[in-house]
1. Can you compute 3J(HN,Hα) from phi for each residue in region 366-373, using the Karplus curve 6.51 cos²θ - 1.76 cosθ + 1.60 with θ = phi - 60°, rounded to whole Hz and x for Gly and Pro?
2. Give the shape of region 196-323 as rounded, prolate or oblate, defined through the alpha-carbon gyration tensor: a ≥ b ≥ c are the square roots of its eigenvalues, a/c under 1.5 means rounded, and otherwise the shape is prolate if a/b is larger than b/c and oblate if not.
3. Considering only DSSP beta bridges with both partners in the chain, what is the antiparallel share in %, to the nearest 5?
4. Of the options S33, V44, P66, report the single residue whose Cα projects farthest towards the positive end of the charge dipole of region 26-81 (beta-carbon charges: Lys, Arg +1; Asp, Glu -1).
5. Would region 312-379 count as rounded, prolate or oblate if I go by the C-alpha gyration tensor, calling it rounded below 1.5 in a/c and otherwise prolate when a/b exceeds b/c, oblate otherwise?
6. Using only the Cα atoms of region 264-379, build the gyration tensor, take square roots of its eigenvalues as a ≥ b ≥ c, and label the shape rounded, prolate or oblate: rounded if a/c is under 1.5, else prolate if a/b is larger than b/c, else oblate.
7. Starting with the highest mean, order 132-140, 86-94 by the number of other Cβ atoms within 10 Å, averaged over the residues of each peptide.
8. Over 10 Å intervals from 0, what percent of Cα-Cα pairs in region 26-81 sits in each interval?
Amino acid sequence: MGPIQEALDALPLVDHHCHGAVTADLSAGDFASLLTEGGAWPGVSPFDSPVGVAVRRHCAPLLDLPRHAPAADYLARRSALGWREVNRRFLSAARTEVFCVDTGYAPHSLTSPDELAHAAGATAYEVVRLEALAEAVVAQGVEPDEYARVVGAAAGEAVRKPGVVAVKSVAAYRTGFDLNPARPTDAEVTEAARRWLARGGRLADPVLVRHLLWTAVDLGLPLQLHTGFGDDDIRLHHADPALLTDWLHLTRGTVPVLLLHCWPYQRQAAYLAAVFEQVYLDVGLALHHTGPARSRAVLEEALEITPFRKLLHSSDAYGVAEFHHLGALCFRQGLAALLQDRVDADELSLPDALRIATWTGRDNARRLYGLPTPDSARD
């Protein structure tokens with residue numbers, strides 16, 4: 001093991017975007033449906049996929065099983081231990097000291113940020129999902145001409161709660177990024193709200209999605225944006241972050257914009273981070289789905305031109321605590337391998353490589369979100 005891998009293994013990470021872990025024992029079918037973005041299909045086991053193989057290889061030992069344990073043995077052992085012990089083992093194994101938790105998506109019963117932090121022996125902060133907030137406002141009843149004011153007030157109240165460090169939009173899912181970049185007028189928002197209230201359903205009006213993006217700018221907190229890879233609700237070609245270019249021009253000098261996940265658009269995201277001061281990125285979600293075997297390749301493409309103070313770590317783990325652990329493992333191994341090769345080729349000094357590892361694994365997120373910084377982490 002080289003010095004960079006040793007340093008990353010010892011580094012307590014900041015997972016700047018994730019979700020809670022389930023608070024119930026899972027059936028084989030429920031676990032399978034959470035293991036992949038595509039769900040479970042008849043005759044096709046999600047264990048027979050890169051992420052499934054990674055779980056059997058790297059998670060089985062934490063359940064006291066041999067590496068590459070058969071899926072049936074894995075599921076049986078997971079069930080025998082129970083969800084509390086499973087969550088504790090994987091969350092503590094991630095060696096993550098801070099989780100920033102998106103609480104706006106919970107089709108399953110999940111740990112709260114505090115519960116997640118307790119299981120991991122860590123600290124947790126909250127990320128407010130703007131679409132969920134707007135949908136909650138509408139569910140309580142609002143007139144079209146009051147929509148913008150009420151949503152803005154609700155968002156302002158939400159971000160003033162203790163422990164909230166960022167907001168998030170899932171515009172990529174609802175409309176994609178090929179939007180008019182300009183701030184919508186009050187009249188446009190009122191008319192769009194009227195259409196939505198008459199139609200019902202979730203927020204998917206392009207004008208109202210734009211309104212939320214600009215609301216985020218007004219709130220002044222870092223804005224996380226899902227980009228790229230997701231479940232089949234997304235239209236991947238509309239989730240390319242490069243489509244945000246005109247909006248990023250208009251929002252220069254406002255709030256930090258965090259491009260989440262990005263795959264297969266990590267190079268486009270890297271370009272945006274290289275040319276816009278406010279843009280940062282991660283490749284979370286992609287890492288545990290590609291597994292340790294390919295996480296280095298994804299990170300290498302993300303780091304081709306990204307300034308080193310602009311790459312962050314996230315897992316985007318949802319539901320199964322295996323993903324909080326795997327996300328951290330893949331990040332540590334992939335980043336250590338590529339940095340070590342650059343040192344061996346004399347393209348980086350060892351001190352530079354160690355500094356980059358610490359920046360991306362912890363300090364970039366601490367600086368960006370204004371998190372308390374231990375004396376040992378100060379520049």
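Each value in this text was obtained by applying a stated rule to the coordinates, not by laboratory testing. The shown structure was predicted, so the numbers you read here are calculated from the model rather than taken from an experiment. Please note: Cβ atoms are built from the backbone with ideal geometry, for glycine as well, and neighbour counts cover all protein chains shown.
1. Rounded to whole hertz, the list is 4, 5, 5, 8, x, 7, x, 10.
2. oblate
3. Taking every DSSP beta bridge with both residues in the chain, the antiparallel ones total about 5 percent.
4. Of the listed residues, the answer is P66.
5. Verdict is oblate for region 312-379.
6. Rounded.
7. Ranked by mean Cβ neighbours within 10 Å, highest first: 86-94, 132-140.
8. 25, 59, 15
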